[in-house]
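Here the structure comes first, spelled out in structure tokens, and everything after it is commentary.
The values are calculated or read from the model by the stated rules, or taken from the named source; none is laboratory data. On a predicted model such as this, the values are computed, not experimentally measured, just so you know. All Cβ positions, glycine included, derive from the backbone under ideal geometry; neighbour counts span all protein chains shown. Surface areas here come from the heavy atoms of the whole protein model, side chains and all, with no ligands, DNA or RNA. Shrake-Rupley method; radii C 1.70, N 1.55, O 1.52, S 1.80 Å.
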Amino acid sequence: MNRVDLFPTHEYKGLKLRPGRPYPFGAMVFGNMVNFSVYSRYATDCTLVLFHNREEKPFVEIPFFKEFRLGNVFSMIIFDLDYENIEYGFRMDGPFLPEEGHRFDKSKILLDPYAKLIVGRDVWGEQPNWDGLYQYRARVVFSDFDWEDDLPLETPVNDLIVYEMHVRNFTCGAASGVKHQGTFAGIIEKIPYLKELGVNCVELMPIHEFDEFENHRVSPVDGRPLYNLWGYSNVGFFAPKAAYASTGRFAMQVDELKNMVKQLHKNGIEVMLDVVFNHTAEGNEQGPYISYRGIDNKTYYMLTPDGHYYNFSGCGNTLNCNNPNVRDMIVESLRYWVTDYHIDGFRFDLAAILGRDQNGNPMSNPPLLESLAHDPILGKTKLIAEAWDAGGLYQVGSFPSWGRWAEWNGKFRDSMRRFLKSDEGVLGDVKERIIGSPDLYALQGRGIKASVNFITAHDGFTMMDLVSYNEKHNEANGEDNRDGENHNNSWNCGCEGESDDPDINRLRHQQVKNAISMLMVSQGIPMVLSGDEMGNSQQGNNNAYCQDNEIAWLDWNNLEKNADIFRYFKHIIKFRRQHKVLRYEDHLFHQDYLGLGYPDFSWHGVKAWQPESGYNNLTVAFMLDGQYAATDGVPDDFIYVAMNMHWEMHGFELPQLPEGMAWHVFANTGMPSPEDIFEPGKEPLVESQHEVLVGPRSIIILVGKAERKKGKRGKKVKK
């Protein structure tokens, strides 16, 4: 017996229709039917506009009949539609009363907020028809990708080595050597490189569809075009950017991205997305109509009492994230990326906004953040907050977590940068950061895994620029050097910018190695900025958001030029991955709670067991006892780290190890390559087991292990 709801009930201009399924929103294929559904609380009427692929004018505009509306949802089913060859949008009718928050305009064709495939901007930098009737066009997606049993990897959070990267910048440089430069396919070509480096998670800067021509202009320095390169301005929350796919011109970006994820997973590398739910590309009152403004402005945006846009994002508008319907859209978006793209985690840009109510006030129990923390589909997905916004709300250490959210630890960045350049009065903070920032997270019952540690990120100096510039140099951005952070906590080692002085360049390499050492021996989740491992420079530009050129692109020639830096990075990353004692989930006790003769963690100074904490002190040492970090009953090694950020050499007395064990040197940043670092597991014996000399602005990392493979570990009780 045929079901009644499989048959059309209406006909319009030769197309057979029936009332649709209100949920899920967007367009979905059911057999020979396509269901279209769109929500608008305040619209009075809605029209579905259909185009043949790439044609300028629609071939039909179908009104949603009265019986096609249920509550505030317009939905219809169209039968026998050649969905692979159509593009669709909506016209919404309703009041135009900006002072009350309504900006309906039936002359605009609007993008579906739930569009899974967006076309019209398929090739990077190729200008569209600015007078076109409908520039961003939605297409229907049919999921037929062969995942070959792939699933999110679910790597334990504390085991991650995160590599923050930009899809285009990563391989767009001529020396990248890839066939498909600046694309998802280009990343696939670089998987052997990522494996050699040792990272096991790539965090992709925004890959949702965005407009690279937003705020388009030319540089006053060299006349080159400036783009919205970073993409922190979403057009759609469900669709990958077509121009990031080598097959984007064929509307195959969905499959190319899925293949990239699958290939990375095959090689043990997770994929995390940087998602931007704090604002959209529609800007303020003078911005364009793309989607949300014309579909339901009052629902989607935070508005002042007189109908203007709150701007906690610094980008013209702020998404009304805790409106129940907007909240549902965000949750659905994340579920979609996890279920359909097998994404492993998300970093939320300006996440403090997600905790504001519709009037912009911070909430003590934000429903969106709670929903994400407890969502069953996202139950094993990493959730990482950039715990501040452009409106002054700073929540590092206090971001609502429900035991699920981690945070970009901006205080780790600031403390370590100051210590790196030998600032006084920062040692107390540095100690907190090294042990996983218990001052920020322990009192809330949050473990070490709440802290994502970083010294550099896309926003700010690269690591090489951090040690090469005292001041930002953003003149090429065309904003009179006003943009970008002014307080970089950087030091140029004696010369601003590039130098041909071998002593300055040697010190800069040493400082880069110091920085990555601080990051990799600290408790928490380390994040490395793409390119730092090869000494990448942005010529002092600390806000290269608009530089689609050699300023922002990785120069792969640096792998040869700075081979010692790359070698140091890959060895210390491997070292961290081999030593569980560097990757605790929960805060350390600083006690011998297992009766092993040594505490799990201990601070030291130039004298063993005598930590120093004076205001002027620029030296610190610590030791981790691997007996507290056994794997399958096999204890890890002892690890001792001495950091000397003073400009003079210091001797450090070594703690005595248990009988049968000896100190071996893994790294010494004060030594030239290759004596600066050794392959993990092949560390040579330290000449003196009682003291090591740590050179000016140097870090030494020692491994305490048996002198012979069959050596037996005993106990040594400290005095």
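When +1 charges are put on Lys and Arg Cβ atoms and -1 charges on Asp and Glu Cβ atoms, the dipole computed for segment 524-682 relative to its Cα centre reaches about 80 debye.
Ranking F210, T47, G695 by Cα position along the charge dipole of the chain, where only Lys, Arg, Asp and Glu carry charges on their C-beta atoms, puts G695 farthest toward the positive end. Using only the Cα atoms of segment 1-85, construct the convex hull and provide its projected area averaged over every direction, in square nanometres to one decimal. That works out to 6.1 nm², a quarter of the Cα hull's surface. Where both bridge residues fall in the chain, DSSP classifies roughly 75% of the beta bridges as antiparallel. The GluC sites (Glu not before Pro) found in segment 632-703 that occupy coil by DSSP, while having at most 10 further C-beta atoms within 10 Å, are E648, E687.
Ranking Y394, H650, F277 by how far each Cα lies toward the positive end of the dipole of the chain (charges on Cβ) leaves H650 at the top. Computing FRET efficiency as 1/(1 + (r/R0)^6) for D45 and V634, where r is the C-beta to C-beta distance and R0 is 45 Å, gives about 0.05. The candidates K16, K116, arranged from most to least accessible area with a 1.4 Å probe in the full protein assembly, appear as K16, K116. Counting only C-alpha contacts under 8 Å and six or more residues apart, can you give the relative contact order of segment 568-682 as a whole percent? Contact order relative to length: 22 percent. In terms of accessible area, using a 1.4 Å probe and ignoring ligands and nucleic acids, K266, K431 rank largest first as K266, K431. The relative contact order of segment 45-124, computed from alpha carbon pairs under 8 Å that lie at least 6 residues apart in sequence, is 28 percent.
Taking label positions 7 Å along the Cα-Cβ direction at both S673 and L685, the computed distance is 2.9 nm, reported to one decimal. Under the simplified labelling scheme, the D5-W130 pair shows an inter-label distance of 4.8 nm, with each label point 7 Å from Cα along Cα→Cβ. The apolar share of the surface of the chain, taken as the fraction of accessible area on carbon and sulfur atoms (1.4 Å probe, ligands and nucleic acids excluded), comes to 49 percent. Computed log10 I(q)/I(0) for the chain at 0.06, 0.07 Å⁻¹: -0.39, -0.52, from the Debye equation with unit scatterers placed on every C-alpha and solvent omitted. Once the Cα atoms are used to define both axes, helix 324-341 deviates from the longest principal axis of the chain by about 70 degrees.
Residue order by solvent-accessible surface for R356, R335 is R335, R356, largest first, with ligands and nucleic acids left out and a 1.4 Å probe.
If you fit an axis through the alpha-carbon atoms of helix 410-420 and take the longest principal axis of the Cα set of the chain, what angle between them do you get, 0 to 90°, nearest 10? Between helix and principal axis, roughly 40 degrees. Full extension of the chain segment joining F79 with M649 gains 197.3 nm, where the gain is 0.36 nm per residue of separation less the Cα-Cα distance. Taking amide hydrogens as placed 1.01 Å from N in the peptide plane, the amide H of Y12 sits under 5 Å from those of L17, each at least 5 positions away in sequence or on another chain. Annotation: amide H-H contacts under 5 Å for L97 (H modelled 1.01 Å from N, sequence separation of 5 or more, or interchain): H102, R103, F104.
Starting from the Cα gyration tensor of segment 287-423, take the square roots of the eigenvalues, sort them a ≥ b ≥ c, and report rounded, prolate or oblate (rounded when a/c is under 1.5, otherwise prolate if a/b is larger than b/c, else oblate). It is oblate, given that a/c is not under 1.5 and a/b is not larger than b/c.
Here the sum of -39500 (n - 2.57) over DSSP H runs of 4 or more residues, divided by the residues of the chain, equals -5500 deg cm²/dmol at 222 nm, to the nearest 500. Against the main long axis of the alpha-carbon atoms of the chain, helix 563-578 sits at an angle near 90°. Placing unit charges on the Cβ atoms only, positive for Lys and Arg and negative for Asp and Glu, gives segment 1-138 a dipole magnitude near 380 debye about its Cα centre. Note on the chain: dipole from Cβ charges, positive end direction compared against L6, H487, N549; the farthest Cα belongs to L6.
Is the C-alpha gyration tensor of segment 129-264 telling us rounded, prolate or oblate? Criteria: a/c under 1.5 is rounded; beyond that, a/b larger than b/c is prolate, otherwise oblate. Taking the square roots of the gyration eigenvalues as a ≥ b ≥ c, segment 129-264 is oblate. The heavy atoms of T9 offer some 80 square angstrom of accessible surface to a 1.4 angstrom probe.
Our summary gives segment 409-506 a relative contact order of 26 percent, counting only alpha carbon pairs under 8 angstrom and 6 or more residues apart. Take D112: with every protein chain present and a 1.4 Å probe, its accessible area is about 0 Å².
Rolling a 1.4 Å probe over the protein heavy atoms leaves H166 with an accessible area of roughly 10 Å². A DSSP coil position with no more than 12 other Cβ atoms inside 10 Å describes the following chymotrypsin sites (Phe, Trp or Tyr not before Pro) in segment 583-626: F589, Y593, Y615.
Among the chymotrypsin sites (Phe, Trp or Tyr not before Pro) in segment 79-184, those located in a DSSP loop and surrounded by at most 11 other Cβ atoms within 10 Å of their own Cβ are W130. The local environment of F312, defined by Cβ-Cβ distances under 15 Å, has a net charge of -3 under the rule Lys, Arg +1 and Asp, Glu -1.
For the chain, the solvent-accessible area with a 1.4 angstrom probe is 38 square angstrom per residue. Computed about the Cα centre, the dipole magnitude for the chain is approximately 1740 debye when only Lys and Arg (+1) and Asp and Glu (-1) carry charge, each at its Cβ. Rounded, prolate or oblate: pick one for segment 240-279, where a ≥ b ≥ c are the square roots of the eigenvalues of its C-alpha gyration tensor, a/c under 1.5 means rounded, and failing that, prolate if a/b is larger than b/c, else oblate. In terms of gyration-tensor shape, oblate.
Within segment 101-142, name every residue whose backbone N is under 18 Å away from a label modeled 7 Å from Cα of M252 along the Cβ vector. Inside the label zone: 117-124, 140-142. Past 29 Å, Cα to Cα: identify those pairs from K13/K298; K380/K574; K570/K705; K262/K574; K266/K580, in the order given. Beyond 29 Å: K13/K298. Between segment 69-112 and segment 225-293, what is the separation of their alpha carbon centroids in Å? A separation of 23 Å, based on Cα centres.
On full extension, the segment bounded by A390 and E485 gains 32.9 nm, given 0.36 nm per residue less the C-alpha separation.
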